[in-house]
Amino acid sequence: MSDLSLPVLDRNATARDALAQMRQRAISGIVARHEGRFLLYTAGQVVVALSENPDVTLAVLDPERELSPILPQNREATRSGYSIAVRHPADFGGKDKGKDELQEATFSVEAGLLRLLQGGPEDCYCKVDGKPVADGKTGDDCPDGHRGSVRCV
């Protein structure tokens, strides 16, 4: 397990805002907070959704998974095998906006999820398997043979 910090947005944020946050932090995932729940979205999901609807919000998308919040002093794995240590903006030197306005969260994640989220988002992904596609164009075939399934922003 390794720690990884991801930006946190409200679930009603636009997918465009989510992608901008990922690009700014050179990370391929974002967490949406909704009614006390923490929902993980990957760059692939966001790019595919944006290619089909430039005004889409995270609320319309199905999250990759839900993460269970765990306080930093109690960092045990959740049932899904992932844990989260929520950090308040003041913990990052930011302005204290209140407990409901988190800006980042630190996750303790296993290697598979870490590989998926590390590094900045790509511009193109395969709609079928979610894998990044270098130098693709919307409508191209995916490298693994999925016909016409590349989506780009």
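Points to keep in mind about this one:
- Considering residues of the range 15-45 that are of a type in the set (Val, Ile, Thr) and out of contact with any Asp or Glu (no Cβ under 7 Å at 6 or more places or on another chain) only, the residue modelled with the lowest pLDDT: Val31
- Going through (1) surrounded by 14 or more Cβ atoms within 10 Å (Cβ to Cβ); (2) in contact (Cβ under 8 Å) with a residue 12 or more places away in the chain; (3) not assigned by TED's automatic domain parsing to the domain that holds Val56 one by one, Asp141 falls short only on (2).
- Flag for Leu19 being more than 27 Å from Ser149 (Cα to Cα) and either assigned by TED's automatic domain parsing to the domain that holds Glu110 or surrounded by fewer than 20 Cβ atoms within 10 Å (Cβ to Cβ) (or both): no
The values are calculated or read from the model by the stated rules, or taken from the named source; none is laboratory data. Since the model is a prediction, treat every value here as computed from it, not as a measurement. Heads up, the Cβs are rebuilt from the backbone with ideal geometry, glycines too, and the neighbour counts pull from every protein chain shown.
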